[in-house]
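**Q** Please read through the structure below; I'll follow up with questions.
Quick note: the coordinates plus some simple rules give every number you see, no bench work behind them. This is a predicted model, so every value here is computed, not measured. Positions of Cβ are backbone-derived with ideal geometry, glycine not excepted, and every protein chain shown enters the neighbour counts.
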Amino acid sequence: MTTLRLRLSTLLIAAGLISSASAFQAKIGLPSPKFSAVSIDGKRLFLGDLQNEGPIFLYFMRDGDPTTRLATTYIERIVRSYVPSRANWYAVVDGRADRMRSVASEYNLPFRMLRDEDLSVVHAFGIQNSPAVVEIGSDGKVMNIWKGYSGYRLKAINKATAEINYRKVRHIDFSKTPSTTIYGVDYQIPPIRS
C-alpha cells in the first residue's frame, strides 16, 4: 500500500497536480517526517536528537504575524503551566538567525527555538499558515496537529499537554480567544521584515 501511495504521489507531482511538499505531509498516527533545523545557538538538530529527550511539541511561528503574536501568549501560558514537563517544546520560526534572537527576547519563550528559514520543516508537516502545533509521541508518531488559533484549539493543546505529563488539566483563561479558528499569514507570502 505504501509503495502504491508513493507511485501515485510521484505521478501526481510529475503531472503538476500537487507539489512535492504536499505529497509527503505528516499524518496523525504515522511516523513523523524526518527533519533537521538549526537551533538559536547555530547547532543543527535532527528529529532523532529531539526525540531522545521524550515526546515533543513543535510550535510553528511566523515571524511578524499578528495572529501568531496573539496565540503565542496562550501557548506560553500552557507550557509554563506544566513545568517541569515530560515533553519538550520547540518553536519553529521562519526567520533568519538575527530575527530569531529578537523573537526569543521579545517573547521570552519557555522553550527552545529552531530556525526554518527555507520552510522545509513547515512543508514536511503540511503547515500552510501559522500558528500551528504538532505533537510527536515518544514512539516518533504524529499524535496531533492543530492548525490556527482559537479557544477550542488552545483547550485541546492544554489537554494534550496535561495528558502527556500525567497531570490534571490546568485552568487557563481562554475567554478572550476567538470562538472560531483564525489563521495567520500564509507561509508562501514573503515576510515583511524591518
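**Q** Can you list residues from other chains, or at least 5 along the same chain, whose modelled amide H is less than 5 Å from the amide H of residue 125?
**A** 26
**Q** Mind putting a number on the dipole of segment 142-191 about its Cα centre? Charges go on the C-beta only, +1 for Lys and Arg and -1 for Asp and Glu, and I need it in Debye to the nearest 20.
**A** The dipole magnitude comes to about 260 debye.
**Q** If one takes the longest principal axis of the Cα atoms in the chain, at what angle in degrees, from 0 to 90 and to the nearest 10, does the Cα axis of helix 97-107 lie?
**A** It is inclined by approximately 30 degrees.
**Q** Can you give the alpha-carbon Rg of segment 125-173 over 2.2 N^0.38 Å, where N counts its residues?
**A** Normalised by 2.2 N^0.38 Å, the Cα Rg of segment 125-173 equals 1.20.
**Q** Projecting each Cα onto the charge dipole of the chain (Lys/Arg +1, Asp/Glu -1 at the beta carbon, about the Cα centre), which of 84, 188, 162 comes out farthest on the positive side?
**A** Of the candidates, 162 comes out farthest on the positive side.
**Q** Sticking with this one: Using only Cα atoms, what Kirkwood radius does segment 144-194 have, in angstroms?
**A** 12.9
**Q** Convert each backbone phi in segment 128-135 into a coupling constant with the Karplus relation 6.51 cos²θ - 1.76 cosθ + 1.60 (shift: θ = phi - 60°), then list the ³J(HN,Hα) values in order as whole Hz, x for Gly and Pro.
**A** Coupling constants for segment 128-135: 9, 9, 9, x, 8, 10, 10, 9 Hz.
**Q** So which aspartates and glutamates can residue 27 reach, going by Cα to Cα under 17 Å and dropping same-chain residues fewer than 8 places off?
**A** Within reach: 135, 139.
**Q** How long is the gain from residue 117 to residue 138 if the chain were fully straight, where each residue apart is worth 0.36 nm and the alpha carbon distance is subtracted?
**A** 4.9 nm
**Q** What angle do you read, to the nearest 10 degrees and between 0 and 90, between the alpha-carbon axis of helix 151-164 and the longest principal axis of the chain?
**A** So the inclination is approximately 90 degrees.
**Q** Roughly what angle does helix 2-14 make with the longest principal axis of the chain, taking Cα atoms, 0 to 90 degrees, to the nearest 10?
**A** Between the helix axis and the principal axis of the chain, the angle is about 80 degrees.
**Q** Calculate the spin-label point distance for residue 44 paired with residue 77, positioning each point 7 Å from the Cα along the beta-carbon direction, and give it in nanometres.
**A** 4.0
**Q** Search the structure for amide H atoms under 5 Å from the amide H of residue 94, placed 1.01 Å from N in the peptide plane, and list their residues when 5 or more places away or on another chain.
**A** HN-HN under 5 Å from residue 94: 61, 63, 116.
**Q** Which percent of the Cα-Cα distances in segment 25-104 go past 15 Å?
**A** Summing the P(r) of segment 25-104 above 15 Å gives 64 percent of all pairs.
**Q** Now for a separate question. Can you list residues from other chains, or at least 5 along the same chain, whose modelled amide H is less than 5 Å from the amide H of residue 88?
**A** Placed amide hydrogens put 56, 57 under 5 Å from residue 88.
**Q** Ranking 39, 130, 150 by Cβ neighbours within 10 Å, fewest first, what do you get?
**A** 39, 150, 130
**Q** Tell me, what is the FRET efficiency for residue 156 and residue 98 to the nearest 0.05, using R0 = 41 angstrom and their Cβ-Cβ distance as r?
**A** That gives a FRET efficiency of 0.75.
**Q** When 1/r is averaged over all different Cα pairs and the result inverted, which Kirkwood radius in Å belongs to segment 25-164?
**A** 14.8
**Q** With Kirkwood's inverse mean 1/r over C-alpha pairs for Rh, give me the Rg to Rh ratio of segment 34-75, two decimals please.
**A** Reported Rg/Rh (Cα atoms, Kirkwood Rh): 1.05.
**Q** Pull out the extension gain between residue 168 and residue 128, defined as 0.36 nm times the separation in residues minus the alpha carbon to alpha carbon distance; nm, one decimal.
**A** Computed gain between residue 168 and residue 128 is 11.2 nm.
**Q** Note down the relative contact order for the chain as a percent, whole number, built from C-alpha pairs under 8 angstrom at least six residues apart.
**A** 26
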